[in-house]
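Structure, as C-alpha cells:
We did not get these values from a lab; they are worked out from the coordinates using the rules stated. Values in this document were obtained by computation on a predicted structure and should not be read as measured data. Positions of Cβ are backbone-derived with ideal geometry, glycine not excepted, and every protein chain shown enters the neighbour counts.
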Amino acid sequence: MAQKNTILGCLIILKFAIQILAIDSGYELHRDEYLHLDLGKHLAWGYTSVPPVTAWISFLIIQFGNSAFSVKFFPALFGVLTMVVVWKIVEQLKGGIFALILASVSVIFSVLVRVNTLYQPNSLEFLLWTLIFYFVIKYINTESNKWIWIAAVTFAVGFLNKYNIVFLLLGLLPAILLTNHRKVFANKQLYFSFIAGLILVSPNLIWQYENGFPVIRHLNTLAETQLVNVRRLDFIIEQLKFFMGSWFVIILALAAFFTYKPFRKFKLFFWSYFFTLFLYVFFKAKGYYAIGLYPVLLAFGSVYAEQLFSKGRLRYLRFPLIMIPVLSFLALFQIVLPVLSPEQIVEKKELFQKIGLLRWEDGKDHDLPQDFADMLGWKELANMVDSALMQIPDKENTLIHCDNYGQAGAINYYSKQICTDAVSMNADYIYWYPLEEMVINNVILVKDSRDTDTQREFERPYFKEVTLVGEITNTYAREKGTTVYLLKGATQSINKIMEEIIHSRMQNPNLN
C-alpha cells in the first residue's frame, strides 16, 4: 500500500508539473476563460453559454484573487482527479502496479494535457464522465443501490456543468439493455434516484423555461456557425489523435470485453462506447466531445495488458509499453500545446498544417491553431480602453460596449481604469447592461475587424465627438484589427436607445 501511495503521489506531482509547463508565458488567457470568469460575478441558475457550475467555480476563483494561476489551477486539478479516478478503477478491476502505472501514464500523456490548460467546463466534464463509469463498475461488482444514487447525483452535477453529459446517458442506456444488467430497470431505486437527480437539476430547467430555453438558441447558433464546418470523417480521425500513444491500450480494452473472462460482465462499456460515438457522428459533433469515453477504457486495457504481459519474456516488454505514451507525447509536445511562440509556430507551419491543427471552426487554415490565436491581443485591447478612459473625466458614466464576449471579458479582466464592466450583445453579457445604475454620457465602442463603418455613421449623430483610439495590431491574434472608438458627450438618451436595441436583440437573437 505504501508503495502504491508513493507512486500515485509522484504521478500527481508529475501531472501538475506538466500542466505548469504546458503554456508559454507569452500567451494570455483564452477568450472563453474571460466569459467564464465574469459568470462568477453574476451568480444564477443558468446562462446562455453554459449551466451554472462554471459560475460557482469562477466565484471561488475570484475570491482567491482571480490570478492567472488560480484560473489555471482548477482545470489542472480536475485533470489530476481524472487520473486518480482511473487509478481507482484499475484497483476495482484487480489491477497491479504495472496496470496502475500504464493507465495513469496513458491519461497524463494524452490530449487531456491540452484540455486541462483551459478553464472551460470540459475538464470537469471528463472527470465526471469517468466518475460515473467508476460508479457503474462499483454497482456491477457489489449490486449495492448506493452506487446508483451516487451515480445519479454525479450525473446531476455533470448536467449542471455541461449538457453534453446527456450523451453519456443516451449511450449507456441501450448498452445496458443489450446485457444481463438490464435487470436494473426492474430496480425501483433506479427511478427514485432519477427523480432525485431531476430535482437537483430542476432549478436550471426552470431557468431555461423562464428565459425561453436559450440553450436551444445556443445550439442552433453553434450548428449554423461551427458544426456546419465539421466533417464526420474528421470526427473519427480526431479520435485517433486524442490518445495517440495509448491506442494499443484502448484496443486491448475493447478486445478484453470478449476475450478476458473477468471483463465479460463489463461488456456494456463496449456497447456504450460505440453507441455514444454513433450519436456524435450522426449529429456532426466536435471531436473533443467524446474524450470522456476514453479514461475508463484506458483502465480496462491496462489491466488486460498486465495479464497478457505477465509471464516469461513478455514481462520485459512492460517498461517499453509504459514508455510508448510518454515518447509519443514528447514528440508532439511542442505541437499540440502552446509552448512555442507564434513566430516559432509560423516557422513550422507546414507541420502544423499536415496534422490539421491550423484548421479553425470556419473550415479554413490560419497561421496559428485557433485556441492559440484566441490567447493573444487581449492586453493590447485593455490598454487601449484604459487609454480612452483616461481621456474622460466622468468615467462612471461611460459604457464600454463590445462586439463579442471575448472582448468584454478581457477588458474586465485586464483593465485598470474601468468603473463599470464592459458588456456586449453577445452571450450572457446582454443581460448585464448597467442601464439602471448609470446615465450614459460616453461610450467606448469596441468593433471587430469585420466592421467596415470606420466613420461610425450610425453612432456619430448621437455624440458630440467621435475619436478613433486604435486597433489591435498583433499579427497572430484572432482579434487582429479589432478597433476601439471613443464616443464623448451624448446628445440624446443613450440609455433609451440601448434599451430598445437590447429588447430587439432578445426578441431576435440572430439579429446582426
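Charges on Cβ only, +1 for Lys and Arg, -1 for Asp and Glu, centred on the Cα centroid of the chain; of Phe64, Tyr304, Ile411, which one is farthest towards the dipole's positive end?
Tyr304
Determine the distance separating the Cα centre of region 60-130 from the Cα centre of region 176-203; give it in Å without decimals.
Distance between centres, Cα-based: 27 Å.
Can you work out ³J(HN,Hα) from phi for every residue in region 371-377, in order, using Karplus 6.51 cos²θ - 1.76 cosθ + 1.60 and θ = phi - 60°, giving whole Hz and x for Gly and Pro?
Each residue of region 371-377 in turn: 4, 5, 5, 7, 10, 9, x Hz.
Helix-derived [θ] at 222 nm for the chain: sum -39500 (n - 2.57) over DSSP H runs of at least 4, divide by residue count, nearest 500? Don't skip to the end; give the middle numbers.
On the way: 22 runs with 292 residues, N = 512.
Rounded to the nearest 500, it is -18000 deg cm²/dmol.
Answer rounded, prolate or oblate for the chain, using the Cα gyration tensor with square roots of eigenvalues a ≥ b ≥ c: rounded when a/c is under 1.5, else prolate when a/b is larger than b/c, else oblate. Write down the numbers at each step before the final one.
Details: a/c = 2.37, a/b = 1.72, b/c = 1.37.
Here the chain falls in the prolate category.
Is the shape of region 378-507 best called rounded, prolate or oblate, per the rule: a/c under 1.5 gives rounded, else a/b larger than b/c gives prolate, else oblate, with a ≥ b ≥ c the square roots of the Cα gyration tensor eigenvalues? Walk me through the numbers before you get to the answer.
Working: a/c = 1.34, a/b = 1.25, b/c = 1.07.
The shape class here is rounded.
Toward the positive end of the charge dipole of the chain, about the Cα centre and with charges on Cβ (Lys, Arg +1; Asp, Glu -1), which of Phe73, Ala151, Gly40 goes farthest?
So the residue furthest toward the plus end is Ala151.
Ranking request for peptides 76-86, 197-207: highest mean number of other beta-carbon atoms within 10 Å first, then the rest in descending order. Intermediate results must be reported in sequence, preceding the final value.
On the way: 76-86: 22.3, 197-207: 15.3.
Output ranking for 76-86, 197-207: 76-86, 197-207.
If the only charges are +1 at each Lys and Arg Cβ and -1 at each Asp and Glu Cβ, what is the size of the charge dipole of region 378-507 around the Cα centre, to the nearest 20 debye?
Details: 13 positive and 19 negative charges, 55 e Å.
About 260 debye.
For a quick check of your reading of the filter: which trypsin sites (Lys or Arg not before Pro) in region 346-402 sit in a DSSP loop and have no more than 11 other Cβ atoms within 10 Å?
Working: sites: Lys348, Lys349, Lys354, Arg359, Lys364, Lys379, Lys395; in loops: Lys348, Lys364.
The qualifying sites are Lys364.
Rounded, prolate or oblate for region 77-189? Axes are the square roots of the Cα gyration tensor eigenvalues, ordered a ≥ b ≥ c, and the cut-off for rounded is a/c under 1.5. Please report the intermediate quantities before stating the final value.
On the way: a/c = 2.20, a/b = 1.30, b/c = 1.69.
The shape class here is oblate.
Can you give the longest run of the chain that contains no GluC sites (Glu not before Pro) sitting in a DSSP loop with at most 13 other Cβ atoms inside 10 Å?
On the way: sites that count: Glu143, Glu436, Glu437, Glu457.
With GluC sites (Glu not before Pro) excluded where exposed in loops, the chain gives 144-435 as its longest stretch.
Quick check: the angle from helix 121-142's long axis to the longest principal axis of the chain, C-alpha only, nearest 10 degrees?
Approximately 30 degrees, to the nearest ten.
Using Cα pairs under 8 angstrom and six or more residues apart, how large is the relative contact order of the chain, in percent? Let's see the in-between values first.
On the way: 751 pairs, mean separation 82.3, N = 512.
RCO, the chain: 16 percent.
How long is the gain from Lys146 to Leu200 if the chain were fully straight, where each residue apart is worth 0.36 nm and the alpha carbon distance is subtracted?
17.7 nm
Over what distance in Å are the Cα centres of region 376-408 and region 308-345 separated?
45 Å
For region 221-373, what is the charge dipole size about the Cα centre, in debye to the nearest 20, if Lys and Arg each add +1 at the Cβ and Asp and Glu each add -1 at the Cβ?
1140 debye
Provide the FRET efficiency to the nearest 0.05 for the Thr454-Lys286 pair, computing r from the beta carbons and using R0 = 35 Å. Could the numbers behind the result be given before it?
Values: r = 35 Å, r/R0 = 1.01.
In this case the efficiency is close to 0.50.
In what order do Phe98, Phe126, Phe333 fall by count of nearby beta-carbon atoms within 10 Å, going from fewest to most?
Values: Phe98 21, Phe126 27, Phe333 16.
In order of increasing Cβ crowding within 10 Å: Phe333, Phe98, Phe126.
Tell me, what is the FRET efficiency for His503 and Val326 to the nearest 0.05, using R0 = 60 angstrom and their Cβ-Cβ distance as r?
Details: r = 56 Å, r/R0 = 0.94.
So, using R0 = 60 Å, E works out to roughly 0.60.
May I ask you to compute the full-extension gain from Arg231 to Glu210, defined as 0.36 nm times their residue separation minus their alpha-carbon distance, rounded to one decimal in nm?
Numbers: separation 21, 0.36 × 21 = 7.56 nm, distance 3.49 nm.
Between Arg231 and Glu210, full extension yields an extra 4.1 nm.
How do Ile324, Ile345 rank when sorted from fewest to most other Cβ atoms within 10 Å of their own Cβ? Provide the component values of the computation, followed by the final result.
Numbers: Ile324 19, Ile345 23.
Ranking Ile324, Ile345 by Cβ neighbours within 10 Å, fewest first, gives Ile324, Ile345.
Using R₀ = 22 Å, calculate the FRET efficiency as 1/(1 + (r/R₀)^6) where r is the Cβ-Cβ separation of Gln417 and Thr473; round to 0.05.
Rounded to the nearest 0.05, the efficiency is 0.60.
Please get the size of the charge dipole for the chain, origin at its Cα centre, with Cβ charges of +1 on Lys and Arg and -1 on Asp and Glu, quoted in debye to the nearest 20.
Details: 46 positive and 41 negative charges, 645 e Å.
Around 3100 debye, computed over the chain.
Tell me, in nm to one decimal, what length is gained between Ile13 and Glu91 on full extension, where the rule is 0.36 nm per residue of separation less the Cα-Cα distance?
Values: separation 78, 0.36 × 78 = 28.08 nm, distance 2.02 nm.
Roughly 26.1 nm would be gained on extension.
Which one of Gln492, Tyr462, Ala427 is farthest out on the positive end of the charge dipole of region 378-507, using unit charges on Cβ (Lys, Arg +1; Asp, Glu -1) and the Cα centre as origin?
The residue sitting farthest along the positive end of the dipole is Tyr462.
Ranked by Cβ crowding within 10 angstrom, fewest neighbours first, how are Phe64, Phe275 ordered? Intermediate results must be reported in sequence, preceding the final value.
On the way: Phe64 13, Phe275 19.
In order of increasing Cβ crowding within 10 Å: Phe64, Phe275.
For the chain, find the longest principal axis of its Cα atoms and tell me its angle to the long axis of helix 268-282, 0 to 90°, nearest 10.
30 degrees
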